[in-house]
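Student: A single structure is presented below for examination.
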Amino acid sequence: QVQLVESGGGMVQAGSSLRLSCTASGGTFSDYAMGWFRQVPGDDREFTAALTRLGDRTYYHASVEGRFTISRDNAKNTVYLKMDNLKPDETGVYCCAARPGDASYYGNKYTNWGQGTQVTVSP
């Protein structure tokens, strides 16, 4: 089973950028499709972005298309989420998730989750 640890969150102003990282250990990273989800208290996890095991296909929530970029470095066992032009309503805990096989938009398809990293965007 792969373990995931996120980093890179912080407090920024609207319009700023952040790059989140998620490093995996304990498994063969390239066996897993990876996703990023945003968690807000009282709400379900919201899909943000995902990519395939080799990183050759990416998927985004419509609201972040063109501003966020998901990528991975399998040699470093790490997946990234570059977030540009952040908006206040994108505040939340960003969690990475791993799924053997294909990428998915659905959180319940992922088998392994990190604890998350807090992103706070002020107006």
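The values are calculated or read from the model by the stated rules, or taken from the named source; none is laboratory data. Quantities reported herein were computed from a predicted structural model and do not represent experimental measurements. All Cβ positions, even for glycine, are placed from backbone atoms using ideal geometry, and neighbour counts span all protein chains on display. Areas reflect the complete protein model, heavy atoms only, side chains present, ligands, DNA and RNA absent. Shrake-Rupley method; radii C 1.70, N 1.55, O 1.52, S 1.80 Å.
Student: Looking at (1) under 18 Å from Q115 (Cα atoms); (2) under 11 Å from the mean Cα position of the chain (by Cα); (3) open to solvent by less than 20 Å² (accessible area, probe 1.4 Å), which is the only condition S7 fails?
Tutor: Single failed check for S7: (3).
Student: Report whether or not Y110 is touching a residue at least 24 places away in the same chain (Cβ under 8 Å), open to solvent by 10 Å² or more (accessible area, probe 1.4 Å) and more than 22 Å from S25 (Cβ to Cβ).
Tutor: No, not satisfied.
Student: I've got another one for you. Which numbered condition in (1) open to solvent by less than 80 Å² (accessible area, probe 1.4 Å); (2) in a strand (DSSP E or B) is the only one that Q118 fails?
Tutor: (1) is the only condition that Q118 fails.
Student: For the subset of segment 33-56 comprising residues that are β-branched (V, I, T) and open to solvent by 10 Å² or more (accessible area, probe 1.4 Å), which member is nearest to D84 (Cα to Cα)?
Tutor: If we take residues in segment 33-56 being β-branched (V, I, T) and open to solvent by 10 Å² or more (accessible area, probe 1.4 Å), then V40 is nearest to D84 (Cα to Cα).
Student: Here's something else I'd like to know. Within segment 1-34, which residues are hydroxyl-bearing (S, T, Y) and in a loop (DSSP other than H, G, I, E, B)?
Tutor: Of everything in segment 1-34, those that are hydroxyl-bearing (S, T, Y) and in a loop (DSSP other than H, G, I, E, B) turn out to be S16, S17, T28.
Student: When you check A62 against the structure, is it more than 18 Å from S17 (Cβ to Cβ), modelled with pLDDT of 95 or more and loosely packed, with under 13 Cβ neighbours inside 10 Å, yes or no?
Tutor: When the stated conditions are applied, A62 passes them.
Student: Next question, about the same structure. List every residue pair whose Cβ atoms sit under 8 Å apart, with the two residues 6 or more apart in sequence or on different chains, where the first one lies in segment 76-95 and is under 16 Å from T120 (Cβ atoms) and the second, anywhere, is at pLDDT below 95 and crowded, with 20+ Cβ neighbours inside 10 Å.
Tutor: Between residues of segment 76-95 that are under 16 Å from T120 (Cβ atoms) and residues that are at pLDDT below 95 and crowded, with 20+ Cβ neighbours inside 10 Å, the close pairs are C95/R45.
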